[in-house]
C-alpha cells in the first residue's frame with residue numbers, strides 16, 4: 001500500500017511514517033500542511049492519504065476541506081482522517097464516500113487495529129471511530145435508537161467502523177450466528193433494510209442517526 005501522510009506535528013508525522021513502514025507499506029510522501037495537496041497526490045498516486053482534521057494556517061478545518069476535495073477529485077482514493085477530538089458533523093458528511101475513515105488520534109496506539117483499518121479504507125471500505133458513533137447515538141432521541149439493547153449498540157458501533165459480521169464476532173467474542181441475529185434485530189428496530197454492501201450498511205445506519213431517510 002502506498003501512503004501519503006499529512007500532519008503538521010513533526011513527531012506524529014514521523015511516527016506515522018515509521019508505523020506504516022514497519023507494517024510493510026510504502027510512504028511515498030509526507031507533508032506538514034494541505035496546501036497544494038491534490039496536485040501532490042496526483043503526482044505520487046497513493047492508495048491512501050492519512051491526514052489531520054485541523055491543519056495550518058488556521059488549524060480549524062483545512063484538513064477536512066482538503067479531504068473533501070480529494071474524495072471529490074479522486075473518488076477511488078482512500079482517505080483516513082485523524083482528529084484529536086470528536087467532530088461528528090465532519091465525520092457524518094464525508095462517510096457517504098466509499099474509502100473514507102475517521103478516527104481519533106489515540107487509535108494510532110492500537111497499532112494492529114489501526115493498520116487493519118487503514119488497509120480497509122485503502123480498499124474502499126469505511127471506518128468511523130467508536131466514540132464518534134457513541135456521540136451520534138447519544139445525541140438521538142428517536143424511538144428506534146432507544147429500543148436498541150446495549151449489545152445491539154455495540155454491534156452498531158462496530159458496523160460503523162466498517163467491520164463485517166465475522167469481524168464483529170471476533171471483536172466481541174461471539175458466534176457468527178449470534179452477531180447475525182443482533183444485526184437483523186437492530187435493522188428491524190431502526191427500520192432500515194439490510195444491504196449486502198459493507199459500505200451501504202454503514203451509510204444506512206449513519207443516515208438514520210442524523211435523521212434522514214435511509215438509502
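Pick from the range 159-213 the residues that are under 17 Å from residue 124 (Cα atoms) and more than 17 Å from the chain's Cα centre (by Cα): which of them is modelled with the highest pLDDT?
Among residues in the range 159-213 that are under 17 Å from residue 124 (Cα atoms) and more than 17 Å from the chain's Cα centre (by Cα), the one modelled with the highest pLDDT is 195.
Kindly establish whether residue 49 is surrounded by 14 or more Cβ atoms within 10 Å (Cβ to Cβ) and free of Cβ contacts under 8 Å to residues at least 60 places away in the same chain. If you could, list the steps in order and put the result at the bottom.
Details: surrounded by 14 or more Cβ atoms within 10 Å (Cβ to Cβ): yes; free of Cβ contacts under 8 Å to residues at least 60 places away in the same chain: yes.
So residue 49 passes the test.
Of the residues that sit in the range 76-86 and are surrounded by fewer than 18 Cβ atoms within 10 Å (Cβ to Cβ) and under 21 Å from residue 55 (Cα atoms), which one is modelled with the highest pLDDT? Walk me through it before giving the result.
First, pick out the residues of the range 76-86 that are surrounded by fewer than 18 Cβ atoms within 10 Å (Cβ to Cβ): 76, 84-86.
Restricting the remaining residues to those that are under 21 Å from residue 55 (Cα atoms) gives 84-86.
Numbers: 84: 84, 85: 74, 86: 68.
Applying the filter and picking the extreme gives 84.
With respect to residue 93, is the statement that it is closer than 24 Å to residue 130 by Cα, at pLDDT below 95 and in the same structural domain as residue 115 (by TED's automatic domain parsing) true?
Numbers: closer than 24 Å to residue 130 by Cα: yes; at pLDDT below 95: yes; in the same structural domain as residue 115 (by TED's automatic domain parsing): yes.
Yes.
Scan 26, 69 and give me the residue that is surrounded by fewer than 18 Cβ atoms within 10 Å (Cβ to Cβ) and in contact with a strand residue (DSSP E or B) (Cβ under 6 Å, 6 or more places away or on another chain).
The unique qualifying residue is 26.
State all residues of the range 127-158 that are out of contact with any strand residue (DSSP E or B) (no Cβ under 6 Å at 6 or more places or on another chain), closer than 28 Å to residue 20 by Cα and modelled with pLDDT of 75 or more; if no residue qualifies, say none.
Matches in the range 127-158: 157, 158.
The values are calculated or read from the model by the stated rules, or taken from the named source; none is laboratory data. From a predicted model like this one, the values you see are computed outputs, not experimental measurements. Neighbour counts run over all protein chains shown; Cβ positions are idealised from the backbone, glycine included.
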